[in-house]
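These notes are about the structure you will find just below.
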Amino acid sequence: MNPQTFFTGPDREKIREAIAASEKLTSGEIRIHLESSSKVNAFERATQLFAQLNMHNTADRNGVLIYLALDNREFAILADKGINEKVPEGFWDMVVKEMSDFFKSGQFADGLIHGVKQAGEKLAAYFPYNALSDTNELSDDISFGE
């Protein structure tokens, strides 16, 4: 599958808007990355991309990456140290399960939006937005691999 054409323009915009809305409540950063496939498991690939996308460079180490390998039918959520130290154990596994339920019924955009909102709520709880110092450190657009 071609990751560039996987979502319609309106779906892509809804996802970008969900990221922007979530980030207005937090100093955290959320990114989504799609690729056709990966030669390694989704979590390992997400770990590689986390560094490539500069997710580790957020001031509070509170970046969250949602990665999808379309042909592999795999995805992973990878969160940086700052937010991982705050969320309850099993939180990301719960979000993955909920997103999987959307994906199983073909609701990929809705599943991603749900994951973004869940991540955004936790980020806002532990890293609230500060109008004096917060900037959007990373793009809200979906990034794509091959």
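None of the figures in this text is laboratory data; all of them are computed from the coordinates on show. Model, not experiment: these values are computed from the prediction. Cβ coordinates were reconstructed from backbone atoms using ideal geometry, including for glycine residues, and neighbour counts include every protein chain displayed.
What to note about this one:
- R0 of 30 Å, Cβ-Cβ distance Ala20-Val40: FRET efficiency to nearest 0.05: 0.50
- Residues of segment 15-31 with an amide N closer than 13 Å to a point placed 7 Å from the Cα of Tyr129 along the Cα-to-Cβ direction: 18-29.
- Bridge type composition, the chain - antiparallel percent by DSSP, nearest 5: 45 percent
- The relative contact order of segment 34-146, computed from alpha carbon pairs under 8 Å that lie at least 6 residues apart in sequence, is 28 percent.
- Summing charges over neighbours of Gly145, with a neighbour being any other residue whose Cβ is under 15 Å away from its Cβ, gives -3 when K and R count +1 and D and E count -1.
- Here's how it looks for Ile32: its modeled amide H is under 5 Å from those of Ile66, Ser143, which are all 5 or more places away or on a different chain.
- The 3J(HN,Hα) values that the Karplus relation (6.51, -1.76, 1.60; θ = phi - 60°) gives for segment 19-35 are, in residue order, 5, 4, 5, 5, 6, 5, 9, 8, 7, x, 10, 10, 10, 10, 10, 10, 9 Hz. Gly and Pro appear as x.
- Under the Karplus curve 6.51 cos²θ - 1.76 cosθ + 1.60, θ = phi - 60°, whole-Hz ³J(HN,Hα) for segment 6-13, x wherever Gly or Pro sits: 4, 9, 5, x, x, 5, 4, 5
- Sorted fewest first by neighbouring Cβ atoms within 10 angstrom, Thr5, Thr58, Thr47, Thr26 come out as Thr5, Thr47, Thr58, Thr26.
- Rounded to the nearest Hz, the phi-derived 3J(HN,Hα) couplings of segment 88-103 under the Karplus curve 6.51 cos²θ - 1.76 cosθ + 1.60 (θ = phi - 60°) are x, 4, x, 4, 5, 4, 5, 5, 4, 4, 5, 5, 4, 4, 5, 4, where x marks glycine and proline.
- A quarter of the convex hull surface defined by the alpha-carbon atoms of segment 6-129 gives 6.9 nm² as the mean projection.
- Cα centroid separation, segment 72-134 to segment 16-58: 10 Å.
- Cα-based reach from Lys117 at 27 Å (exclusive), listing lysines while leaving out same-chain residues under 8 positions away: Lys14, Lys24, Lys81, Lys86, Lys97, Lys104
- Net charge dipole size for the chain [Lys, Arg +1 and Asp, Glu -1 on Cβ; Debye, nearest 20]: 120 debye
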